[in-house]
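Following: one structure in structure tokens, then a few remarks.
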Ligand SMILES: Nc1ncnc2c1ncn2[C@@H]1O[C@H](COP(=O)(O)OP(=O)(O)O)[C@@H](O)[C@H]1O
Ligand SMILES: Nc1ncnc2c1ncn2[C@H]1C[C@H](O)[C@@H](COP(=O)(O)O)O1
């Protein structure tokens, strides 16, 4: 029996992984893709031409950065579906607008005009019946302290130098955002319930839940 049959995960599934910075999305993305022999769509940090500048001057670069992320993730989303699925994606496109753009607008580091321009572009590109959504969004959650520790250990200077208040604000917003997210089925996982670094096999119960979430939703659709 193949692993796809074992957990009832279609070979053409598209799985996206969401959660705050440093919570463990990339690690989870690679572990799931490896088990399912799926392709990954990784968020590229080193080649992002705006990210470091943005962390040094939010006001100056927040619009440029959001447009860049929107273009990159839109192209990736298109690629995943054009290739017929079988992908795990490191961070969903929905967090760009629901978390980041909104947070910078609310905090005054993105202007009203820029926010309007960005959100109308996002809505026109993504929130249309023509744009396919993932089969499941895995939401990883953890305590603020664990996340701050992970950001420090990972060691990207631009993130290490960012005040804790930024991560705290983001952490609170994520909880709100996920509780109101309805675009595709959600599977919530807490970082205390697995450890992919010490115990790679702890991905197995996650695969089981992925299959259940995808199929639970398909059954609901056919009732
Ligand atoms: N289960 C885990 N236990 C301990 N550390 C972890 C775990 N998963 C990820 N990490 C570490 O936390 C840091 C952030 O993980 P990463 O996957 O890069 O997060 P994200 O993609 O969400 O920013 C990395 O240093 C990674 O090695
Ligand atoms: N849409 C975004 N706006 C601002 N910053 C963002 C956005 N998407 C990702 N980021 C930042 C946050 C991190 O510093 C890096 C990579 O994210 P990670 O959660 O570590 O994968 O990009």
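Exactly one residue out of 162, 183 is touching a residue at least 12 places away in the same chain (Cβ under 8 Å), part of a loop (DSSP other than H, G, I, E, B) and more than 18 Å from the chain's Cα centre (by Cα): that is 162. Per the listing 50, 94, the residue uniquely surrounded by 14 or more Cβ atoms within 10 Å (Cβ to Cβ), in contact (Cβ under 8 Å) with a residue 40 or more places away in the chain and within 16 Å of ligand 2 (Cβ to nearest atom) is 94. The set of residues in segment 121-149 that are more than 15 Å from residue 177 (Cβ to Cβ), touching a strand residue (DSSP E or B) at 6+ places or on another chain (Cβ under 8 Å) and at pLDDT 95 or above comprises 134, 135, 136, 142.
Please enumerate the residues belonging to segment 111-123 that are more than 20 Å from the chain's Cα centre (by Cα) and either within 19 Å of residue 168 (Cβ to Cβ) or exposed (fewer than 13 other Cβ atoms within 10 Å of the Cβ) (or both). Working first, answer last.
Kept after step one, since they are more than 20 Å from the chain's Cα centre (by Cα), are these residues of segment 111-123: 111-117, 120.
Matches in segment 111-123: 112, 113, 116, 120.
Here residue 140 fulfils each of the conditions (1) within 16 Å of ligand 2 (Cβ to nearest atom); (2) in contact with a helix residue (DSSP H, G or I) (Cβ under 8 Å, 6 or more places away or on another chain); (3) more than 30 Å from residue 84 (Cβ to Cβ) apart from (3).
Go through segment 196-217 and report how many residues are touching a helix residue (DSSP H, G or I) at 6+ places or on another chain (Cβ under 6 Å) and modelled with pLDDT of 95 or more.
Step one: of segment 196-217, the residues touching a helix residue (DSSP H, G or I) at 6+ places or on another chain (Cβ under 6 Å) are 196, 203, 207-208, 211.
Among the residues that remain, those that are also modelled with pLDDT of 95 or more are: 203, 207-208, 211.
Selection size over segment 196-217: 4.
Any residue in segment 62-80 that is near ligand 2 (Cβ under 10 Å from one of its atoms) and closer than 18 Å to residue 15 by Cα? Scanning segment 62-80, I find at least one residue that is near ligand 2 (Cβ under 10 Å from one of its atoms) and closer than 18 Å to residue 15 by Cα, so the answer is yes.
Right, residue 174: closer than 16 Å to residue 17 by Cα, within 16 Å of ligand 1 (Cβ to nearest atom) and part of a helix (DSSP H, G or I) or not? Outline the logic, then answer.
Values: closer than 16 Å to residue 17 by Cα: yes; within 16 Å of ligand 1 (Cβ to nearest atom): yes; part of a helix (DSSP H, G or I): yes.
Judged against the criteria, residue 174 is a match.
When you scan segment 1-106 for helices (runs of 4 or more DSSP H) that lie fully inside it, which ones turn up with 1 or more residues that are within 30 Å of residue 192 (Cβ to Cβ) and within 13 Å of ligand 1 (Cβ to nearest atom)? If you could, list the steps in order and put the result at the bottom.
Values: elements: 3-7, 25-36, 51-56, 58-82, 102-106.
Counting at least 1 such residues, we get 25-36, 51-56.
The values are calculated or read from the model by the stated rules, or taken from the named source; none is laboratory data. Every value quoted in this text rests on a predicted model; they were computed, and no experiment measured them. Methodologically, a virtual Cβ is constructed for each residue, glycine included, from the backbone with ideal geometry; neighbour enumeration extends over all protein chains shown.
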